[in-house]
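Q: Handing you a structure now.
Values quoted throughout were computed directly from the atomic coordinates according to the rules given, and no laboratory measurement underlies them. Keep in mind the model is a prediction, meaning the values are calculated, not measured. We place every Cβ from the backbone using ideal geometry, glycine too, and count neighbours over all the protein chains shown.
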Amino acid sequence: MTEPVRVIVCDDQALVRTGFVTIIGAQPDLEVVGECGDGRAAVDLAQRLKPDLVVMDVRMPVLDGIEATRLLAGAGVAQPVKVLVVTTFNLDEYVYEALRAGASGFLLKDAPPAQLLHGIRTVASGAALLAPEVTRQLVGRYAARIRPAGGAADGTALTPRELEVLRLIADGRSNSEIAATLVISQETVKTYVSRILTKLDLRDRVQAVVYAYRRGLVT
């Protein structure tokens, strides 16, 4: 039998937190190993309990979800923990900053329970979770602010076809949509995605989207 995914829930709203804990805890393949109401407590709990994933609110006292995410999953963290950010607004600058800090995806707090559970399982499996339409709005909205001066494209490590795939990823396309657009198989798309992440030293598709916008490869 496969070990359940071990989850910590961090949200300063007790009612929301209890709801998440109840929904997650009822699943045979998921286990809530801890809960807390601020980012500092989340970092401390995660370092002590070694969960597979943290469900993280953004706006919290003591330490917000962005800084907590950076400490748990950011660049240079020796043993990063997967973080799924939850937020009230789908165009929240804090969510974008959380993705840059190392989060593997985000959901809206009003998402139905099935979507929350799917999100946890997706991120825990090593994949990224981004709704395509929200990705385009969210990253596109802040791309100009974080793009380097001059906006020069930098994708020299990639082949022309890999660049094409990266741009489609940044546009929020799924593997099946990329395959249909380029008239190639989904397996071939997966190979391209894997190569792109390896060449650019990126962890997942979320980081690939951020990279593409930061480098001015898409607008």
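Q: To the nearest Å, what is the center-to-center distance of the stretch 174-219 and the stretch 1-54, using C-alpha atoms only?
A: Computed from Cα coordinates, the inter-centre distance equals 30 Å.
Q: For the ranges 58-70, 16-28, what's the packing order if you count other beta-carbon atoms within 10 Å of each residue, average per peptide, and put the highest first? Intermediate results must be reported in sequence, preceding the final value.
A: Values: 58-70: 21.5, 16-28: 15.5.
My ranking of the peptides, most packed first, is 58-70, 16-28.
Q: How large is the direction-averaged shadow of the alpha-carbon convex hull of the stretch 5-129, in nm²? Don't jump to the answer; show the numbers that get you there.
A: On the way: hull surface 25.9 nm².
That works out to 6.5 nm², a quarter of the Cα hull's surface.
Q: Cross-link partners among aspartates and glutamates for residue 109, C-alpha distance below 16 Å, same-chain residues fewer than 8 apart left out?
A: Qualifying aspartates and glutamates at Cα under 16 Å: 11, 12, 57, 92, 93.
Q: What spacing in nm lies between the two simple spin-label points modelled at residue 203 and residue 13, each 7 Å away from Cα in the Cβ direction?
A: Those two pseudo-labels are separated by 2.6 nm.
Q: Roughly speaking, what is the stretch gain from residue 44 to residue 88, that is 0.36 nm per residue apart minus the C-alpha to C-alpha distance, in nm to one decimal?
A: Numbers: separation 44, 0.36 × 44 = 15.84 nm, distance 2.46 nm.
Result for the pair: 13.4 nm of gain on full extension.
Q: Step through the residues of the stretch 176-182 one at a time and calculate ³J(HN,Hα) from phi using the Karplus curve (6.51 cos²θ - 1.76 cosθ + 1.60, θ = phi - 60°), rounding each to whole Hz and writing x for Gly and Pro.
A: Couplings: 5, 5, 5, 4, 5, 5, 9 Hz.
Q: Now for a different question. Under 5 Å between amide hydrogens, which residues at least 5 positions from residue 107 or on another chain qualify, with H placed 1.01 Å from N in the peptide plane?
A: It is 85, 86, 87, by chain and number.
Q: What is the dipole size for the stretch 1-40, taken about its Cα centre, with +1 at each Lys and Arg Cβ and -1 at each Asp and Glu Cβ, in debye to the nearest 20? Can you show the working numbers first?
A: Details: 3 positive and 7 negative charges, 8 e Å.
With Lys and Arg at +1 and Asp and Glu at -1, about 40 debye.
Q: Percentage of Cα-Cα pair distances in the stretch 148-214 greater than 18 Å, rounded to whole percent? All intermediate terms of the calculation are to be shown ahead of the outcome.
A: On the way: 668 of 2211 pairs.
Here the tail beyond 18 Å accounts for 30 percent of pairs.
Q: Under a cut-off of 26 Å between alpha-carbon atoms, report the lysines in cross-link reach of residue 199, not counting same-chain residues fewer than 8 places apart.
A: Correct list for residue 199: 82, 190.
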